[in-house]
1. Taking just the C-alpha trace of the chain, give me its Rg and Dmax in Å.
2. If I fit a long axis through the Cα atoms of helix 36-51 and take the longest principal axis of the Cα atoms of the chain, what angle between them do I get, 0 to 90°, rounded to 10?
3. So how strong a dipole does the chain carry about its Cα centre when Lys and Arg Cβ are +1 and Asp and Glu Cβ are -1, to the nearest 20 debye?
4. Would you please calculate the Kirkwood hydrodynamic radius of the stretch 87-159 over all C-alpha pairs and express it in Å, rounded to one decimal?
5. Place +1 on the Cβ of every Lys and Arg and -1 on the Cβ of every Asp and Glu in the chain, take the dipole about the Cα centre, and give the residue among Thr94, Val235, Leu324 whose Cα lies farthest towards its positive end.
6. Running a GNM on the chain with Cα contacts under 10 Å, which residue among Asp121, Asp299, Asp224 ends up with the highest mean-square fluctuation?
7. Once ligands and nucleic acids are excluded and a 1.4 Å probe is used, how much of Arg278 is accessible, expressed in Å² to the nearest 10?
8. Can you tell me the length gained on complete extension of the stretch Lys50 to Ile290, counting 0.36 nm per residue apart and subtracting the Cα distance?
Amino acid sequence: MHRLVGAVAALGLMALSASANAETWRIGLEEIEGSVQHRYAERFKELVEKKSDDEINVQLLPYGTWGSTYSALYDAIQGGAIQLGFGSGFLGGTVPESQLLNLNYIMPDDQWLTAKVLNSDAFLKSEPWRQAFRARDLVALAELPEGNQAWTANKAVRTPADMKGLNIRVMDNSLLRATYRAYGASPTSIAYGELYSALQQGQAEGNIQPIFAHEEMGFYEVQDYMIFAGQSQFVATLIGNADWYDGLSDDQRAMIDAVTKKLVREGHDIQTRFNKKRLKAIRSKSDIEIIELDDAQRDAFRELARPVRETYIEEVGERGEQSLNTLLDAVKKADGKQ
């Protein structure tokens with residue numbers, strides 16, 4: 001019995017020692033606990049810790065735990081204080097080429113196909129996309145499409161004429177502003193935390209969000225219509241600090257690659273489940289009118305959005321153009337294989 005107790009105690013000490021010596025990877029989220037990013041990060045943590053035999057501890061930092069602005073998160077990742085994190089629309093201020101993912105009507109209508117294309121080696125590991133992040137001391141490790149973005153407004157929007165003059169809130173992103181000006185709207189940037197009251201008080205007349213965000217933040221409570229135009233998905237890029245990544249062992253980099261590849265399907269399933277549940281909640285808790293544009297109505301917006309691609313190229317430069325062409329080629333090939 002004494003030998004058994006001693007063995008158990010020794011194993012406990014070994015576990016404590018292993019835990020004490022575990023390497024910590026911190027991952028900063030743009031979203032709150034219970035969000036799509038949070039669930040994806042939980043699975044990333046589970047898989048990394050299991051594959052590393054608990055030699056790596058992954059610490060999740062939800063929205064608000066790392067600072068008050070998204071740029072603070074990106075700065076922390078660039079500086080190495082946080083090893084990993086997500087970047088979406090606001091990332092364009094740090095990596096201008098990443099605004100590519102905000103362009104309207106460039107992704108497949110099929111959301112699963114979009115997830116596969118964005119995470120394919122043909123796009124994710126392409127030289128122009130890789131260099132766009134490397135130039136800012138970052139690496140792009142995965143793309144997480146978080147579902148179709150929907151418009152909400154206080155009037156029905158079915159045509160560009162209906163969008164004319166609409167004071168619609170967009171993220172602080174020059175390409176998004178250019179896109180909605182092309183539609184005839186009057187885009188405005190309002191801090192996320194102030195958006196509910198801005199919509200409630202009429203400072204903004206419309207809004208663009210993935211479904212889960214509309215529900216989590218209650219934006220649907222102060223809007224009359226929700227419009228599905230199929231213009232874009234909300235995409236977050238999983239980024240890492242370049243020096244940290246380069247300092248990993250070959251086995252660790254291979255492990256990250258294996259984990260992120262596994263999470264392509266899981267990430268898609270997470271966002272699908274979350275968005276279906278949140279849309280059901282919106283329908284049950286409100287009388288907001290849901291409008292789904294037909295193909296002809298979408299085509300009217302699609303034509304207006306196309307010239308914004310040239311705006312993107314003019315603003316970002318050759319590397320942006322190469323990234324756009326790489327993505328469009330990958331989409332075309334993937335569409336042909338359906």
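The values are calculated or read from the model by the stated rules, or taken from the named source; none is laboratory data. No experiment lies behind these values; they were computed from the predicted model shown. Cβ atoms come from the backbone with ideal geometry, glycine included; neighbour counts cover every protein chain shown. Areas reflect the complete protein model, heavy atoms only, side chains present, ligands, DNA and RNA absent. Shrake-Rupley method; radii C 1.70, N 1.55, O 1.52, S 1.80 Å.
1. In Å, with Rg to one decimal and Dmax whole: 21.6, 83.
2. The angle comes out at about 20 degrees.
3. Rounded to the nearest 20 debye, it is 560 debye.
4. The Cα-based Kirkwood calculation yields 13.9 Å.
5. Towards the positive end, the residue furthest out is Val235.
6. Looking only at Asp121, Asp299, Asp224, the largest GNM fluctuation is found for Asp121.
7. 40
8. So the chain would gain 82.1 nm between Lys50 and Ile290.
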